[in-house]
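Okay, structure first, notes after.
Every number here is computed from the coordinates shown, using simple stated rules; none is lab data. Just so you know, these numbers come straight off a predicted model, no measurement behind them. Neighbour counts are summed over all protein chains in view; Cβ atoms, including those assigned to glycine, are modelled from backbone coordinates with ideal geometry.
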Amino acid sequence: MRKVVRSVKVGFIRRGSIPTEGNDYETSSDLELQSHHEPTNNQRFQKRISQSARNQAEVHEEKPPVKFGTTKAIRLHHVEEPNNGHQPHSNMSNSTMPSSFSQQKNYNTTTGAPSDVGKSSLNEIGTTSKWSTRKKVLVGSTVALSIAAVITITVVLSILLTKPTGSTSTTTASSVVVSAYWTFDGTTADSYGVYGGQLVNGTLYTSASATNMPYVGIGQALDLTQTPLNSFLVSSPFFSLNDTSFTIEAWIYLKASSSDRGIFGQCSCSSCANQCLYLIIRNNRLYVDFTSNYLSGSTILYNSTWYHIAFVYNYGTQQQILYVNGVQDAIKSNAQPYQGQSGNITIGSSTVSSTQIYFSGYIDNLLLTTQAKSSTDLLSDASLAAYYSFDSPSSNADSGPNGIDGSAINTLSVTGRVNQGIYFYPSITSYFHAYGFYQIPDGVITNKQFSFALWINPSSTSSSTIIQMFSTTYGLCKTLLGFYSYGTSGGQIFAVCNGASPLGLTGPFITQNTWTHVSLTYSLSNGYTLYVNGVLFGSTGYVASVSSGTLAHLFIGYYSACCLGTFSYNYQGSIDELYVYNRELSQSEVAKLANP
């Protein structure tokens, strides 16, 4: 090895290089003499140093020697890089390379220090040619592009493989929900102000002063007859239901149903598959068709009765679903979407096999929306008669689907069980009143289900009334909830009191100045059922209800001697979260209301 060292020194002197004292270098001639031996790892490393040192010596042979300083880490990185071309670097600095190659910048030995043009050749080992840099750029770019391609393919495959099939969630061709709502309250306007319509062939509205025709006692409804072919038409702008989820819901009241009756229609081509939509009554049942893509309901619909009806097409699950009074009536899977791309909307008439058929009766509050409404939403739309939260700023407003707003006399807005409530004074006439209920005691129809639920916080539990129903304002009445006192004992909740039965159903004693949840439900088979704080306290069993045939009035906190004078005062204290339903709630539903 010492022989090699000597030849290194001579070799550098002969080529004009400037060796640094204490360092031995190996020349290319020595490498050639050792080429017949398999080089060790140390020899390979020395060879790379020798080649790089020789290159830089040739380039900088006229520069004076400089004492070594601290070299940057980048120098070591380039020293260890192999010469893939197996050619001396000096061969790359010939006349075929760009002239700028010989003008490369020097690396500073100290960060931020100015460049030292008089550095030794070893400090210049880290300098690389443009050709070497280009190769690295090309290799790096190729690797980067390859990685990007792999990531892109992975993401695309992940999306495709995880795309749900047969999902129960609503999926539409468009994420934009479009809706139209016709109240028919003496107006042809859409409540959203876009899809206004027109009355056809002298179509009328129900009487504004009717006490038994509309489902609720506000506004009006379309009054349709088969002759002279009444209907309601929306011609512009076009409402697209093509390749999307949608829901149609409305209240209907049949006068005659012996033949097909058109409720809703939109027809692009009456003889083309999936291009003519009609929702009708056929054989006294709901029936919907996109033309050769139909679904028939199972519930018999009778004349002279209000029904909430709905049809849902779910684009994501490809299902057609019919509902009656918020309950699923029929369902069909694998139903192709409606694809009509033109056509007027008709309400009260439909095109069936190129023939126009008409409705006979009333249609009210028709909603059309490009989303598949859930069964929970439709049950609420169909059965929640009214909901009074008593929250500001519209403390008397009905937050339910029917808009039966109330009025308050001598009450005070206070902190409620949930947000705000209202307070009834003890010494003056103080009550809440709402009118227009079709299906509760003293309402239009007999023996129909209903439910009440509310929070009470009494300041007094002396004998008093909480909920009373009237057939006319301050006329015939029935007390549904109140307190019944025994001498000095506290107030016991009671339910259902009228002239023939002063005390129908009793519950627990109620604590003053404490929020308590009370619910009362009714059905013909179960009679009246009382719940307190979600707990069942009793049921009367079978009881037939008596109705007045007119829309009913609801009074909260008002006192009227409709129970043989047994109760002496109006309710004193606060109430909150009053719900009125046109169906019998289950115990689990009551418990949910009692635990908001």
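Add +1 for every Lys or Arg and -1 for every Asp or Glu among the other residues with Cβ under 14 Å from the Cβ of ARG583, and state the total.
On the way: positive: LYS448; negative: ASP381, GLU584, GLU589.
Charge balance near ARG583 sits at -2.
For the stretch 179-373, what is the convex hull (Cα atoms) projected area averaged across all directions, in square nanometres?
Averaged projected hull area, Cα only: 9.7 nm².
Taking the Cα of LEU199, stepping 7 Å toward and past its beta carbon, and measuring to each backbone N in the stretch 391-435: which are under 17 Å?
none
Past the 28 Å Cα-Cα mark, which pairs from LYS373/LYS448; LYS332/LYS373; LYS332/LYS448; LYS448/LYS592?
LYS332/LYS448
What full-extension length gain, to one decimal in nm, is calculated for SER588 and SER380 as 0.36 nm per residue of separation minus the Cα-Cα distance? Don't jump to the answer; show the numbers that get you there.
Details: separation 208, 0.36 × 208 = 74.88 nm, distance 1.55 nm.
Gain on stretching SER588 to SER380: 73.3 nm.
Of VAL543, ILE409, GLY557, which is farthest towards the positive pole of the stretch 383-593's charge dipole, taken about the Cα centre with +1 and -1 on the beta-carbons of Lys, Arg and Asp, Glu respectively?
The listed residue farthest towards the positive side: VAL543.
How charged is the neighbourhood of SER296? Take every other residue with its Cβ under 15 Å from the Cβ of SER296, and add Lys/Arg as +1 and Asp/Glu as -1. Could the numbers behind the result be given before it?
Details: positive: ARG261, ARG282, ARG285, LYS332; negative: ASP260, ASP289, ASP329.
Net local charge, SER296 excluded: +1.
Can you find, among THR465, GLY421, TYR435, the residue farthest towards the positive end of the dipole of the stretch 350-482? Put +1 on the C-beta of Lys and Arg, -1 on that of Asp and Glu.
THR465
Kirkwood Rh over alpha-carbon pairs of the stretch 305-347, then Stokes-Einstein at 25 °C and 0.890 mPa s: what D in µm² s⁻¹, rounded to an integer? Can you show the working numbers first?
On the way: Rh = 12.0 Å.
For these conditions, the coefficient is 205 µm²/s.
Dipole of the stretch 304-418, Cα-centred, from +1 at each Lys and Arg C-beta and -1 at each Asp and Glu C-beta, to the nearest 20 debye?
Dipole of the stretch 304-418, to the nearest 20 debye: 260 debye.
To the nearest 0.05, how large is the calculated FRET efficiency for THR540 and ALA256 if R₀ is 30 Å and r is the Cβ-Cβ distance?
Working: r = 38 Å, r/R0 = 1.26.
Efficiency for this residue pair is about 0.20.
Could you work out how far apart the two model spin labels at ILE331 and ALA397 are, taking each label as a point 7 Å from the Cα in the direction of the beta carbon, and quote it in nm?
3.5 nm
Please compute the modelled spin-label separation between CYS272 and PHE509, points set 7 Å along Cα→Cβ, answer in nm with one decimal.
In this crude label model, PHE509 to CYS272 measures out at 7.6 nm.
Expressed as cubic angstrom per residue, what is the convex hull volume of the alpha carbon set of the stretch 383-593?
Spread over its residues, the Cα hull of the stretch 383-593 gives 105 Å³ apiece.
What Kirkwood Rh does the stretch 247-337 have if only Cα atoms enter the pairwise 1/r average? Answer in Å.
13.3 Å is the Kirkwood radius here.
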